[in-house]
Amino acid sequence: MSDEQTSTALSPTRNAALARPDFPFTRVARRLGIDPAEAEVALRDDDRARAAIARTVGEFLEADDARRAGRAPETAMGLDPDFPTGVGMALVGAAVLWEARDLVPQVALRVAKDHYEDGADELAASYIALVQESVDPGAESRDDAVAWAAQSLLVSVLQRSGDPAQAAEIARDLAAHAIPIDLWRDVDPSLPDDSMSWHGGAFVGGIPPRRDERSLSYEDVHDYMNTLLADMRREQEAEE
């Protein structure tokens with residue numbers, strides 16, 4: 001999906017979401033470190049919202065690095081009861097809704113890892129797809145390693161819950177491109193010198209396992225966003 005296609009697909013959805021009378025501006029602002037008193041103004045300012053998402057993603061990655069290194073949480077982010085997976089899902093949803101596409105891959109990969117380690121293979125596959133659809137094949141992106149790491153994780157997902165033959169085909173594709181089969185286990189994936197750029201994945205028709213056999217698209221994330229917003233709205237009402 002090109003940047004132009006992404007913008008066309010998402011802008012009306014964001015505008016519609018922000019126009020809803022029950023949009024939880026205060027809770028979304030808190031998640032992004034924005035003063036709740038300025039929530040509506042800030043979230044209607046695309047540049048300001050994206051800057052807040054970028055800052056919060058940086059805090060998330062730093063806190064998650066500490067967690068994966070076995071260090072006790074020292075920040076508000078690390079102490080959040082929804083950290084890491086719930087916070088990561090919320091940030092992916094926000095990055096998609098505000099079209100901050102470059103912020104999706106690293107966080108989505110970590111969410112996919114968490115889901116895989118929790119045994120939620122279908123969710124893991126969905127976030128793997130988000131990683132890969134956020135990286136342009138052949139663009140010499142700094143996220144090439146992240147996309148390949150997601151592809152290597154897909155092998156493990158398919159071996160456990162999908163088609164072993166597809167897992168074997170992807171494993172052969174990884175080997176042909178000099179990609180380590182366990183690249184996804186690295187906290188900060190990097191590619192060997194002889195590896196090749198991200199090529200877009202082995203399956204054009206979608207990444208299994210999905211029960212409905214549909215390819216995951218950016219638009220599908222809005223199903224999650226609707227659920228997230230509903231949950232946040234209920235929590236806000238309970239607080240009030």
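Show me the helices (runs of 4 or more DSSP H) found entirely inside segment 23-70 where at least 2 residues are under 21 Å from Q106 (Cα atoms).
25-31, 46-68
Do we have any residue at all in segment 149-164 that's charged (D, E, K, R), in a loop (DSSP other than H, G, I, E, B), surrounded by 13 or more Cβ atoms within 10 Å (Cβ to Cβ) and under 22 Å from the mean Cα position of the chain (by Cα)?
Looking for residues that are charged (D, E, K, R), in a loop (DSSP other than H, G, I, E, B), surrounded by 13 or more Cβ atoms within 10 Å (Cβ to Cβ) and under 22 Å from the mean Cα position of the chain (by Cα), one finds none in segment 149-164, hence no.
If you check D118, D80, which single one turns out to be out of contact with any Ser or Thr (no Cβ under 7 Å at 6 or more places or on another chain), open to solvent by 30 Å² or more (accessible area, probe 1.4 Å) and within 30 Å of L158 (Cα to Cα)?
Working: D80 fails: within 30 Å of L158 (Cα to Cα).
Answer to the selection: D118.
For segment 24-46, which residues satisfy the criterion of being open to solvent by less than 80 Å² (accessible area, probe 1.4 Å), among the β-branched types (V, I, T) and farther than 16 Å from F60 by Cα?
Matches in segment 24-46: T26 only.
Of all residues in segment 57-77, which are of a type in the set (V, I, T) and open to solvent by 60 Å² or more (accessible area, probe 1.4 Å)?
Selection gives T75 alone.
When segment 155-186 is examined, which residues are found to be among the hydrophobic types (A, V, I, L, M, F, W, C) and under 22 Å from D65 (Cα atoms)?
I181, L183, W184
Specify which of the listed residues (A129, A54, A49) is hydrophobic (A, V, I, L, M, F, W, C), open to solvent by 40 Å² or more (accessible area, probe 1.4 Å) and under 22 Å from R14 (Cβ atoms).
A54
Quick check on this structure: which one of D223, D212 is farther than 21 Å from D114 by Cβ, of a type in the set (D, E) and modelled with pLDDT under 55?
Step by step, each of D223, D212 is checked, and only D212 is farther than 21 Å from D114 by Cβ, of a type in the set (D, E) and modelled with pLDDT under 55.
The values are calculated or read from the model by the stated rules, or taken from the named source; none is laboratory data. Because the structure is a prediction, the values reported are computed rather than measured. Glycine gets a Cβ as well: all are built from the backbone with ideal geometry, and neighbour counts include every protein chain shown. In case anyone asks, the SASA skips ligands and DNA or RNA and just uses the protein heavy atoms, side chains included. Shrake-Rupley method; radii C 1.70, N 1.55, O 1.52, S 1.80 Å.
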